[in-house]
Structure formats: C-alpha cells, structure tokens
Amino acid sequence: MKDTAPQTIYLKDYTPFGFDVESVHLTFDLSPNATRVMSRIAFAPNPEATDHRFYLHGKKLTLIKAAINGEPVRPEVTDEGLTCPVPDGSFIWECEVEIDPEGNTALEGLYMSNGMYCTQCEAEGFRKITYYPDRPDVMSVFTVEIKGPHPVLLSNGNPQVQGQGHAIWHDPWPKPAYLFALVAGELVAHSDSFTTCSGKAVDLNLYVRPGDEGKCAFGMEALKKSMQWDEEVYGREYDLDVFNIVAVDDFNMGAMENKGLNVFNSSAVLASPETATDGNFERIEAIIAHEYFHNWTGNRITCRDWFQLCLKEGLTVYRDSQFTSDLRSAAVKRISDVIDLRARQFPEDQGPLAHPVRPESFQEINNFYTATVYEKGAEVIGMLKRLVGDADYARALDLYFARHDGQACTIEDWLQVFEDVTDRDLAQFKRWYSQAGTPRLAVRDEWKDGTYTLHFSQSLPASAASPDPQPQVIPISVGLLDPNGDEVLPTRMLEMTEATQSFAFEGLAARPVPSILRGFSAPVVLDRDVGTAERAFLLAHDTDPFNRWEAGRALARETLMAMATTGAPAGADYLDGMLAVLRDADLDPAYRALMLGQPSQSELAAALAEAGTTPDPDAIWQASETLALAMAQHAQDVLPRILAECRVDGPYRPDPDQTSKRALGGRALSLVTRLDGGTQAAAQYAAADNMTLQLSALGCLLAAGKGSAEVAAFYDQWQDDRLVIDKWFGMQIAQAVPDKAATIVAALTEHADFNWKNPNRFRATLGALTMNHAGFHAADGSGYRLLADWLIRLDPVNPQTTARMCSAFQTWRRYDSDRQSKIGTELERIASTAGLSPDTTEMITRIRG
Ligand code: 0A1
Ligand code: ZN
C-alpha cells in the first residue's frame, strides 16, 4: 500500500495500547545492506485498554517471517505497520525482518556512519528496525543479542556476554522503544569509573573512532561532574553497572539519551584545546549533562505520548542550565540563555510556526523538537520554581520521582505533584503549557505622596494556535533604586494573575528607578517607555546583573534602530555606558564581553518590524558595522590594556577563569581590528596554540576583508579534522559581506570536502548562510534561491534535517514585498517538488500559513 496524505494526530485522541509488552528479545545479525533482526516479544492484554486490536508499527522493513506462539502467521502489512489476528490472553510474537542500514541516509533507525553501525530511535525510529508498538507509553525490559565481526558491540543496560563477534546486553529497566540503541564498529574506548553515593562502581566509557582518543578527556570529566551534581542537587543516583557514550559523525541532532548508551554527534562530545573553542567546550559540558540528566527525567520517568515531550525536555534543559550556572557564572549563563531564547524561540512563538509548549496536534513529531518545547519549556519550569519557592520545588521533585518512577507521564501528573506539595491551584499556571505566543507585558508607573505604583497589563495576541488567549500567571521580579543608584527595595517577586494589575510601594523618600523583570523572571516582552537617561542609569547602577545587561542591550538596540532607519550617529549614552563597563575591572570579563556584544541583526529586524517599520537588512548590517567602528574609536585608549588584561599565561584550560578572559579578549580584538586593519589579529593567528585564539583571529581578519592567506593555511593545517573543517566552512560564510555571501556559499558547495549528506557539514554551510542575516536576505534573492535548491536536494536523502532548516523562512512576513515575493516563490518551488517528504511538507505548509 502507498503512503497516504499526511495525517494529523491529536492529543485529545489518546488511548492506551491494547497490550502490555512483558519482555523483548532482539537478535541482530549485522550486514551493511541486509541486516537481519529477529524479535521475540511477550504480549499480554492491557487491562486498562478498551481497544485490543493488535497493530505494530513498521516502516521500510522486509518481513521474512512471523509466528505467534510458534505457529507461522501471515500478517496484513502496509507501509506503516502490520495487523494480525491474535489469541485471547498472553502470547509470544516472533518475527524476522531484513533492513538496509547502509541505504538509510535519513539517519533514523539503524544506519551506518563511517563504517560503524548506530541507531537513532527517538521519536519514531524503532519502527524502522522491527515491527513493534513504537509509542512511549509501551515500556518493556529488553535483551539484545548482537552478531557481527566488530570488536565493539554495544546496546542498552549491562553486558551479559561479550565475545568475539557476539554480545548480549540486558537492560533491567523497563523502557520505551525510543530509548533503544545499538552500536557496532571498530571503536576505541576512553575509560574511567565513578563511585555512586551508595558506593556502587560504574564503568564509564567514551567510544570513538581510532584517532579521536585525544579528544575524550573533557567529555569524561563533564560526565563525572554531571553524575555527582545529580546526586547532590536532585538526589538521583545512577542505576546500571556501565554508562557508555559513543561519538558518531553523522547525526541529525546534538545527542541522544538512550538508556545506558548515549549516542552523541561527535561535535557535541569531542574536544581538544587545539581543535575546539571555549564555546565548544562549554556546549559539550552542557550536552553531556543534559543527556545524563535524562536518565531520570526522561528515562526512568518518560512521556505518555509525544505531546508530553516538554515533560522530559523542558525539565532536562532546566536542569542542565542549573548545572552550568553552578559550575560557571550564573549571570553569564542566564544572559546567554535569554539571548538564545530571543534569537530562536521568540521568532517561533511570534510567527507561523507558533505552538504551545505542549502542542495539541501534529503531523510529524520530529518537527516539534523546537525551541518552544525545549527552551520555553525550561522557562516555564523556572517560573514554577520562582512561584513555589526553592524548598517546595525540591519537595515536589522528590514526590515526582517517588510517585512516577517507572511510568509514562503527562503534564497533568507533573503539575499535580506541585499542587499536592503546595496546596496551590495551578489551573491558571497550566495556560503556559496550552497557549502559544509570547505575552506582552506593558508597564506604566506613577509617583504620588511617597507611594510608587507600577501598573501592569498583559496581553497575548490571538493566533491560530490560541484563538482566545486568557491571562497567565506572570512572576515579575522587581527591585527599586534611589536616584543615587542605591537599592531601596531589594528584589521582590510580584505575582500577576489578572489582565491588568497594580502594585504599590509605600513610604519612599524620592521617586525610585524601577528594575523590572529581574533575572528575566518570565518569558515575556516588556513594553515600557524608558528614556535613554534611565537606561544609562540602570546600565551603570542596577544591582541585578541580568537587568544591568538588559539596560545596555536596550540602549544598543535603540541606537541601532535609529541608525538603520534615519542614519543617526551612534548614541553617546550607549558609547559612554559601554566604555565604563569595559573599564570596570571589578566586573567578570565574560560579563563585560556579553555587554559589548551587539544585538543580532535578525533581532534588530524583529524589533523594527514590531515598531511598525519594514526592516532593511542592508541598512541594519551597515548600522551594526558603523556602531562597531564607533565603539572601537571610543574605546581606543583602553583597548590595549584590555587585551593585556585578557592574556592568559600557562597551559590552556577551558575553565571559567580562562574562558572568561578569552571571551573579552576576543571582543577587544574585533574592535582593535577595526582600527589597525588586522595587524594584531594576524599576530594572534600566527602565535595561537589553541583553537579559541586561532579562530577568533581568523574571524577578525575575515571581517576586515583580510585573511585569505590564513584561510588557506587553516585548511592545510586542519584538512584531516572534520570538526575543524566544519568551522572553516562556517567562518567564511559567517564573515562574508552581504552581497558576496551566496556566491561564497555556492563556491564552497563545490569544494571537495562539501559532503552534503553529512548534517554537520550541511549545517556549517547552508545553515551558516541562514545565520548571515544580510547575506541570506540579499535583495536579489540569491540567498533564498540557493537555500531552496539545497533543501530540495537534501529532502529525499534526509527529511529531518531538511525540515528543520526550513524554519529559516519563518520570519518572511517581516520583510518588504519584494523579498516576500521572492521567498514566496521559493516556498512554492519547494512545496511543489514531486515526492516531498511529509516532514518538509508540514513545515512549508505551516510557514506559508
Ligand atoms: N532527546 C534528545 C534529542 C533528540 C531528539 C530527536 C532526535 O531525533 C528526532 C534525536 C535527538 C535530547 O533532548 O537531547
Ligand atoms: Zn533532551
């Protein structure tokens, strides 16, 4: 039977599966084009279910044979699965299928990467391995036997047999099929061990391809820190004898939390000082933690259905951000998270792809691994913690683990533990899970007779996803400063529940300056008419590090908007305020580096569109360049001292102290390059003994229109290191001037190393184009056309990565009619491609609206 039209699945239609799976035994006979998978599965009727039809998912499988209780059967097979009459009561299902791992370019199910077998089963990849009820609420105990001529044969759980060409793994913890994993190949292990709080020794292995052994140490340390942190902060102990991580080169996402066998995109785990930047190290530490934390929030307690994805992802992102805040600077982490939220989640929430943190319908679940589910999902948990307080948050989490261990749960289960612990009614809070869109929070203030009043009003624009939005609970952290900059009211949490609400502060000697939404206490857009002088005051005095940064950010945004629309010169308040920050040696260098960073050009485009002005990408680019030059000139005298202050002596370490210095040093170098034309950047490039300094120097040179010799030298030096060559592709595109970007990308796609089937390389090239705002939005439409050409080419090979990259077009309604019409033409061209995947079809349909 042929694929039918895409089907929409609804949360309200959930029904349990008709059978429990009591055990699963799988045998894999590995072969690149003809792997045989034998399954023996014990089914029993599920007493909770009303529908007992026997249906197993299965895709791209060749059924060899099937039997029930040892008797051969001939099931009715479609492209999506099979059905078969089954006896009353319990029975054993046995089946043999053949699959083609080498032909699996979609990287979902069992596939091959550089000669090694690996799997990716979340969300619905297990059905490409064998026939099975591939849904997260069906949990079972798996035993996996692997036959293949490889030195390393891995699966979930603990090893039972490990011999030449043969291994058996047993996972005692019931799990859904999406957490299944298998790896086989010529791998080498970097090994260590961890003793848990109850004294159990756990073997830790990081498996990599030969040659990558020198890039494992940091990931292993991050894993041990994560294990320790989860014990100390959440009371969670690891529960198997081994924990294995495998690095693979071809992977659609960052990493995957398979039980006891995490599979990582090699870019998310491999690092050495020479080949990885400070940013890479920090990202690796966070991803290792994220996947490890899933062992409890995702694996021991999983999701009932995919609508509940935020149950595991929002919570696990929240936990990994707590971990990073504890290990590094909490202020820097919070600011970085908000920058990321505004760059990726706000456009999603405010455009045609908007959906609630818990969506109510979807066609292709892979399209819902979004910034809304992950990052806004984490923000919602942060708000819940702010509302109930730290102590009740800890009690609620203890109850969650105790009550739901071993279960597949819902957001209702999650909120119930908080209601039970706190006696709060969370019905209104739940709207954060069901309403799409970014609330706007308008503020007006009033000063009278020693009383200062803040009048708030919240609004959520109606959207297709939420046609009749209702007020949400918004935790608003507020502090008040007196005119000298001293705090007269330390941070206080206001709980807003009405559409409009006022909060009065009495007994003040003078009109205070408010610091509102400290720490970004809710994911909203704050609307308040603030003069430049007040912003400059908060930039100089706010005691809340987030809002101090926010004041500088707002000054930057406002001056850039004026520069881009009226050709105004760079604002003096901004330049003076930044200079003071730059000079302030008491401030953490990483914090100063964040302060100096400009808002991205797409953030400016969004801000202009919001203010009713059609953004002009070229004018925005020009304004950003002009402001950077003005800043460099304004800071000219202090930059040499900053560069000296940021020099690191001694061996490279990616620790907070050194990383922080290099972050500020990198910013200072980019300003200096605007003045000296690249002399110091070239010197830094020549002397660099680590990738952070080498790459930041190269970026500065390219931004100054120099660096062609260094680009060539960089390639010669690193041509055998695929992760570094990804940087080489990406940097040339990131730094391309707008009218050359598409030409540069097109030339790079002709390069011998442009392996477009590798998702990392595709992202380093076409993904980098979409991040070069003015280049992608070049007025002649060359950026749009090039991206569409490549999306059309990639779609039949890898629908998931294609569909994700379509979101580059989600903001198209912001731009002028000429650009809109050019994008519209490309969207139409993609949509009308014969045989377009359901993944990409769904994305393009939603984006076109
Ligand atoms: N659960 C993983 C991410 C992940 C999601 C989907 C994938 O394929 C569709 C792969 C990985 C995480 O949160 O890290
Ligand atoms: Zn996750």
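The values are calculated or read from the model by the stated rules, or taken from the named source; none is laboratory data. Since the structure is predicted, the reported quantities are computational estimates derived from the model, not experimental observations. Positions of Cβ are generated from backbone atoms using ideal geometry, with glycine treated the same way; all protein chains shown enter the neighbour counts.
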Count of residues meeting criterion [within 25 Å of L179 (Cβ to Cβ) and among the hydroxyl-bearing types (S, T, Y)] in region 63-108: 2
What number goes with the only condition from (1) within 16 Å of ligand 1 (Cβ to nearest atom); (2) touching a His at 6+ places or on another chain (Cβ under 9 Å); (3) β-branched (V, I, T) that V208 does not pass? (1)
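Return yes or no: is G531 more than 32 Å from the chain's Cα centre (by Cα) and either on the phi > 0 side of the Ramachandran plot or among the hydroxyl-bearing types (S, T, Y) (or both)?
Here the answer is no, as G531 does not meet what is asked.
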Checklist (1) away from ligand 1 (no atom under 11 Å from the Cβ); (2) surrounded by 24 or more Cβ atoms within 10 Å (Cβ to Cβ); (3) over 23 Å from S463 (Cα atoms) applied to Q308, failing item: (3)
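Tell me which residues, restricted to region 620-670, are of a type outside the set (A, V, I, L, M), assigned to a loop (DSSP other than H, G, I, E, B) and either on the phi > 0 side of the Ramachandran plot or modelled with pLDDT of 95 or more (or both).
Our first condition is that a residue be of a type outside the set (A, V, I, L, M); within region 620-670, this holds for 621-622, 624-626, 633-634, 636-637, 640-641, 645-647, 649-662, 665-667, 670.
If we keep only those that are assigned to a loop (DSSP other than H, G, I, E, B) too, we end up with 636-637, 646-647, 649-655.
If the condition is that a residue be of a type outside the set (A, V, I, L, M), assigned to a loop (DSSP other than H, G, I, E, B) and either on the phi > 0 side of the Ramachandran plot or modelled with pLDDT of 95 or more (or both), then Q636, D637, C646, R647, G650, P651, Y652, R653, P654, D655 are the ones that fit.
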For region 741-761, which residues satisfy the criterion of being surrounded by 14 or more Cβ atoms within 10 Å (Cβ to Cβ), assigned to a helix (DSSP H, G or I) and either free of Cβ contacts under 8 Å to residues at least 40 places away in the same chain or touching a strand residue (DSSP E or B) at 6+ places or on another chain (Cβ under 6 Å) (or both)? T743, I744, L748, R761
Take the residues in region 634-664 that are over 27 Å from F281 (Cα atoms) and in contact with a Leu (Cβ under 7 Å, 6 or more places away or on another chain); name whichever of them is surrounded by the fewest Cβ atoms within 10 Å (Cβ to Cβ). Q636
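Mind listing whichever residues of region 427-475 are aromatic (F, W, Y) and either under 23 Å from A371 (Cβ atoms) or surrounded by 20 or more Cβ atoms within 10 Å (Cβ to Cβ) (or both)?
Quick first cut of region 427-475, residues aromatic (F, W, Y) only: 429, 432-433, 447, 452, 456.
Across region 427-475, the qualifying residues are F429, W432, Y433, Y452, F456.
Got a sec? Which of L315, L384, L397 is within 16 Å of ligand 1 (Cβ to nearest atom), crowded, with 20+ Cβ neighbours inside 10 Å and at pLDDT 95 or above? Let's see the steps before the verdict.
Values: L384 fails: within 16 Å of ligand 1 (Cβ to nearest atom); L397 fails: within 16 Å of ligand 1 (Cβ to nearest atom).
Residue meeting the stated conditions: L315.
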Going by the structure shown, is W296 within 11 Å of ligand 1 (Cβ to nearest atom), over 14 Å from the mean Cα position of the chain (by Cα) and not β-branched (V, I, T)? no
Please count how many residues of region 114-141 are away from ligand 1 (no atom under 16 Å from the Cβ), out of contact with any Ser or Thr (no Cβ under 8 Å at 6 or more places or on another chain) and either closer than 16 Å to L82 by Cα or aliphatic (A, V, I, L, M) (or both). 3
Looking at (1) within 15 Å of ligand 1 (Cβ to nearest atom); (2) in contact with an Asp or Glu (Cβ under 8 Å, 6 or more places away or on another chain), which is the only condition D241 fails? (1)
Filtered residue count, region 1-44, keeping only those that are farther than 23 Å from E96 by Cα, in contact (Cβ under 8 Å) with a residue 12 or more places away in the chain and not in a loop (DSSP other than H, G, I, E, B): 4
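Among the residues of region 249-268, write down those that are away from ligand 2 (no atom under 15 Å from the Cβ) and either of a type outside the set (D, E, K, R) or not in a loop (DSSP other than H, G, I, E, B) (or both).
Pass one, region 249-268, residues away from ligand 2 (no atom under 15 Å from the Cβ): 249-250, 260-261, 266-267.
Across region 249-268, the qualifying residues are G260, L261, S266, S267.
Scanning region 279-293 for residues that are within 12 Å of ligand 1 (Cβ to nearest atom) and farther than 19 Å from F401 by Cβ, which turns out surrounded by the most Cβ atoms within 10 Å (Cβ to Cβ)?
Across region 279-293, the extreme among qualifying residues is I288.
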Count, please, the residues in region 786-837 that happen to be surrounded by fewer than 20 Cβ atoms within 10 Å (Cβ to Cβ), in a helix (DSSP H, G or I) and among the small types (G, A, S). 4
Can you name the number of the only condition in (1) surrounded by 17 or more Cβ atoms within 10 Å (Cβ to Cβ); (2) within 29 Å of the chain's Cα centre (by Cα) that G707 fails? (2)
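Which ones in region 353-372 are farther than 15 Å from E124 by Cβ, of a type outside the set (S, T, Y) and within 16 Å of the chain's Cα centre (by Cα)?
As a first pass, look at region 353-372 and keep what is farther than 15 Å from E124 by Cβ: 353-361, 370-372.
In the following step, the residues that additionally are of a type outside the set (S, T, Y) were identified as 353-360, 371.
Those that are farther than 15 Å from E124 by Cβ, of a type outside the set (S, T, Y) and within 16 Å of the chain's Cα centre (by Cα): V357, A371.
Residues that are away from ligand 2 (no atom under 15 Å from the Cβ) and farther than 30 Å from T841 by Cβ, at least 1 per element: which helices (runs of 4 or more DSSP H) completely within region 299-374 meet that?
Details: elements: 309-327, 330-340, 346-349.
In region 299-374, 309-327, 330-340 are the helices (runs of 4 or more DSSP H) which contain 1 or more residues that are away from ligand 2 (no atom under 15 Å from the Cβ) and farther than 30 Å from T841 by Cβ.
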